[in-house]
Structure formats: structure tokens, C-alpha cells
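The values are calculated or read from the model by the stated rules, or taken from the named source; none is laboratory data. Worth saying up front: this structure is predicted, and the values here are computed from it rather than measured. Cβ placement follows ideal geometry from the backbone for every residue including glycine, while neighbour counts extend to all protein chains displayed. When the accessible area is computed, the model is the full protein with side chains, heavy atoms only, and any ligands, DNA or RNA have been set aside. Shrake-Rupley method; radii C 1.70, N 1.55, O 1.52, S 1.80 Å.
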Amino acid sequence: MYPLTVTVHLLATLFWLGGTFFLAIVGAPALRGLDPGLRSRVFREIGVRFRRSGWVAITLLIITGVMNLNFRGLLGAVLHGGGDFWLSSFGRILAWKLGLVAVMIVLAAIHDFWLGPLAGRLPAGSVEHRRVRASVAWLGRMNAILGVLLVYVATRLVRG
């Protein structure tokens, strides 16, 4: 089971980060030349579709992450371990990974459930719409950068 959960964990990571990078590097620039109203509708549709799949990926990441810790015999140490575990090299790197995951989930939730929908409700092209859309774009870029850092930390975790 362990190789299967690692595979699902990696695929969910690829999906979530790949979608984030696609939207930031391909989707947003490709839609910039469209009429503001059409751009807003297209981005809203893309966002809603990706949001559903993205949160499924996040859920799979949490479930498989817990399962992976369990398969490696580390879940008990994570849940009940004393300071010795968290002071170890593995514990410190795991703490960084879990912290990055928590920040990314919070930013994704703000992006997906508050600012993204707000941008979709505001009149396209208005000053408020542009301001909110800029915040949405900033959150997306921030999550992409954190995602790269998370991949680095995860690699350090399993490769030392």
C-alpha cells in the first residue's frame, strides 16, 4: 500500500501545482487581451472547475500524507512525540513541510472561497474588480512560489 499512497500523493501534488502554474503562466496571460466582461466569465468558469478538482487533490494530499507517515511508522511520533522528535532533523523538516502546507491551504481557501468569487461578482473592469483581481492573482502567485518551496522541503524530507 505504501507505494500506492506515495504515488497518489505525488499525482495530487502534480495536479494541484500544475494547475496553479498553468493558470498563472498560461491562463491569465492568454485571457488578458479579452474584453473585461468575457475575461471575467471565462476565468470564473475555469476557476470554479479547477476549484472543485483542486480541493479533491488537497484532500487526497492530506489523507495520503497521514497514511504515508503511518506506513513509515512515524504517525505516533508526529501526534504524540515529545520535543525530541520535533528537534530531530526529520522532525524539523517535517514541521516546515506541514507549516507550508497549512499556509498554502489557507491562501487557497482565501483565493477560492472569498476573493475569487468576489471578483466574479463585481462589475468587470471596475476599479474594485481590478483591485480584487490583482489580490487574487497575487495569492495564486504566492501559492505557486510556496509550492516550489514545498517540493524542495518534501524532497529534503525523503532524501535527507
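Structure summary
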{"item": "Residue satisfying all of: in the range 60-101; basic (Lys, Arg) and open to solvent by 70 Å² or more (accessible area, probe 1.4 Å); nearest to the chain's Cα centre (by Cα) among these", "result": "ARG92"}
{"item": "Selection status of ALA137, on the phi < 0 side of the Ramachandran plot, in contact with an Asp or Glu (Cβ under 9 Å, 6 or more places away or on another chain) and at pLDDT below 95", "result": "no"}
{"item": "Residue check for ARG44: in contact (Cβ under 8 Å) with a residue 40 or more places away in the chain and over 20 Å from ASN143 (Cα atoms)", "result": "no"}
{"item": "Checklist (1) touching a Gly at 6+ places or on another chain (Cβ under 6 Å); (2) assigned to a helix (DSSP H, G or I) applied to ARG131, failing item", "result": "(1)"}
{"item": "Evaluation of ALA24 against (1) at pLDDT 85 or above; (2) assigned to a helix (DSSP H, G or I) (one fails), failing number", "result": "(1)"}
{"item": "Tally of residues being in contact (Cβ under 8 Å) with a residue 60 or more places away in the chain and on the phi < 0 side of the Ramachandran plot across the range 116-132", "result": "5"}
{"item": "Filtered residues of the range 41-51 (kept if open to solvent by 70 Å² or more (accessible area, probe 1.4 Å) and under 17 Å from LEU11 (Cα atoms))", "result": "none"}
{"item": "Meets criteria (modelled with pLDDT under 95, part of a loop (DSSP other than H, G, I, E, B) and farther than 18 Å from ALA12 by Cβ) for PRO117", "result": "no"}
{"item": "Criterion: open to solvent by less than 40 Å² (accessible area, probe 1.4 Å) and in a loop (DSSP other than H, G, I, E, B) - qualifying residue of GLY125, GLY54, GLY19, GLY33", "result": "GLY125"}
{"item": "When residues of the range 1-16 are limited to those that are surrounded by fewer than 15 Cβ atoms within 10 Å (Cβ to Cβ) and not aliphatic (A, V, I, L, M), the one nearest to MET67 (Cα to Cα)", "result": "TYR2"}
